[in-house]
Amino acid sequence: MSESPEPPVVDQPPDEFPTDDTAFEVYERGDGWHWRLVDEDVPLAYGALSLSTPADAAASVDRVRALASDTAVVTGRAAFEVGRTDTEAFDWRLVDADETALAVGVVARDEEATVTTDVARFRAAAETATVALRRPPESRRAIDADSLVVGERAALGETLRSVGSLFTRGRRHRSLLDSIEKRIVVSGIRGKSSTVRRLDDIFGRRGYDTLTKITGNHPVTIHNGTVVPIDRRGTRTTLYENVPLLGQFGDWFEGNERGDVAIVENQGITEYTTRLVNERFVRPHVVVLTNVRQDHTDTLGPDRQTLARTFARTIPEGTHVVSGEQHPVLHDYLREEVERRGATIEQVEVPDRHRGLLGAETVHALDAVLRAFDVRGLSDRQLDAYLDGAQPEWLDTPDGRVFNGAEINDIESTEMIRRALAGDERVLPFVYLRADRRGRTASFVEYLNVLADRGRIDRARVGGANTGVFARNVDVPCTTHGRDEDAGAVLDEMLAEGDPVLLMGNTVDEFMREMERAIATRAADYDTFDDADPAETPTLDVPEPVTSQHLADDD
């Protein structure tokens, strides 16, 4: 590892800079503007660059935050680099694709494992930290406005306003939250995005001024029906994006007579980040806990009871929880933990006519949310319509059937979908793996082996990370695919084998986005063929094209 840049020296003692619990502190010293990340008064990292303005330093913070969410601890390439210093101690730095150092650790360590822990703490803190401008009064220089020409003065004013907005986001955010009449967070394992969409649809149709945020593979905000894609600097979610996001739409809330509603999907993956979404970024009146399924075991807990406890610990005092989890023992456990935190909880009731239908607990949770706000509930017809739209159906292509279940990435939900689609029929599974979801990978190995033992599969395909290890541990022949392969060609190979293709595992990767586009193209080809003039088209014994909406719950 090349020598790390000299850590910036703060001109004033740290105790002269009052801090938030976790903050990127932007400050000035002799050679320009810098930042450091402080977590509970402990400096974790310094910016490696000297910038011309505080706005440039804040922009550097945003870039570092995005890179930190995307990269892993590695050696020898552009990312987080861990290596030895000239004194043989271990240190870390964050470099970009051009190997330019952007951030450096504060403390050199005797052991590499300790530095890896430092990087993990930096990444967690960077995801949620506010940005604070630190300028001791005696270091502020007066601006001689009379020496500026008009154009320069206007530019300076605009710069100062933009800088001010960067460092007052926290206060504005809290004020904005207080002005929103109904605040809802949707949490849990499966069905979050579809629940958020349905709540947005319900409140929007009833005339509320509604702002909705959907995370997952295709993140968007929706304001009164207008969809705005979220353009992230990195590929993954950063929790701090909630602050400027709500601020962007804050001026649109103008006292609608029916009130304002904010609906936010909780994208937190750990207990810490999930709790931060609730406590800092949204402060919800109601939390919808869709269910507790066996997923995110690496970060939330190894079993469903631990997962339930983790979710319960993220609930703020005074919040009402609408829980779709139907397991009676898990619900009793949730109730005990939630009530211990000074919150309340109710279990969604699924009527007999809807028992066994996919998504029944999340659809009936909608009614419970409305009741919690003393708002008229849904009619039986509306509930039936939502449930009909949630049931999965094969998508037909000219060469066979396929269902993209990669977004439904816990094995319990995947098995429910497989049964609904195929019953006792054999399928060809395609599992896509992520390196940072080792627990999920292990669960899918076990799941495929259960399917093989029951005769529901006789072969499999796998793509993404660690495919060789996965294939060696599956009890049927397993074809591996690299991330650089053509997704459309892989899809065509699978369809040509005859069994319907069921995608599962993970979807947040460019290969899987290409796979999604390939499926859509082939489904469109099927529809075009089916609509062609019968006189010009040979007759084939194929089913009618699917037109109903299939299940698409984001991770």
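A few notes on this one:
- Restricting attention to region 94-105, the residues that are assigned to a loop (DSSP other than H, G, I, E, B) and either among the hydroxyl-bearing types (S, T, Y) or modelled with pLDDT of 85 or more (or both) add up to 1.
- Annotation: of all residues in region 190-219 being without any contact (Cβ under 8 Å) to a residue 40 or more places away in the chain and more than 13 Å from the chain's Cα centre (by Cα), the one that is surrounded by the most Cβ atoms within 10 Å (Cβ to Cβ) is R197.
- Single unsatisfied condition, A406 versus (1) surrounded by 20 or more Cβ atoms within 10 Å (Cβ to Cβ); (2) over 21 Å from I214 (Cα atoms); (3) touching a Phe, Trp or Tyr at 6+ places or on another chain (Cβ under 7 Å): (2)
- Considering region 457-477, the residues that are surrounded by 20 or more Cβ atoms within 10 Å (Cβ to Cβ) and not hydroxyl-bearing (S, T, Y) include one that is farthest from V508 (Cα to Cα), namely I457.
- Of all residues in region 426-443, those satisfying the criterion of being of a type in the set (V, I, T) and either not assigned by TED's automatic domain parsing to the domain that holds M494 or not in a strand (DSSP E or B) (or both) are V427, T441.
- Test for E349: is it surrounded by 14 or more Cβ atoms within 10 Å (Cβ to Cβ) and among the acidic types (D, E): no
- When R401, R426, R418 are screened for being closer than 22 Å to E514 by Cα, of a type outside the set (V, I, T) and either touching a residue at least 60 places away in the same chain (Cβ under 8 Å) or in contact with an Asp or Glu (Cβ under 9 Å, 6 or more places away or on another chain) (or both), only R401 passes.
- Qualifying residue in region 402-425 (condition: among the aromatic types (F, W, Y) and part of a helix (DSSP H, G or I)): no
- Subset of region 43-66 that is assigned to a strand (DSSP E or B) and touching a helix residue (DSSP H, G or I) at 6+ places or on another chain (Cβ under 9 Å) - its residue that is surrounded by the fewest Cβ atoms within 10 Å (Cβ to Cβ): P43
- Within the set L366, L387, L358, the sole residue that is more than 30 Å from A523 (Cα to Cα), within 25 Å of the chain's Cα centre (by Cα) and surrounded by 16 or more Cβ atoms within 10 Å (Cβ to Cβ) turns out to be L366.
The values are calculated or read from the model by the stated rules, or taken from the named source; none is laboratory data. Note that the structure is a prediction, hence the values are computed from the model and not measured. So basically every Cβ, Gly included, is an ideal-geometry build from the backbone, and we count neighbours across all protein chains shown.
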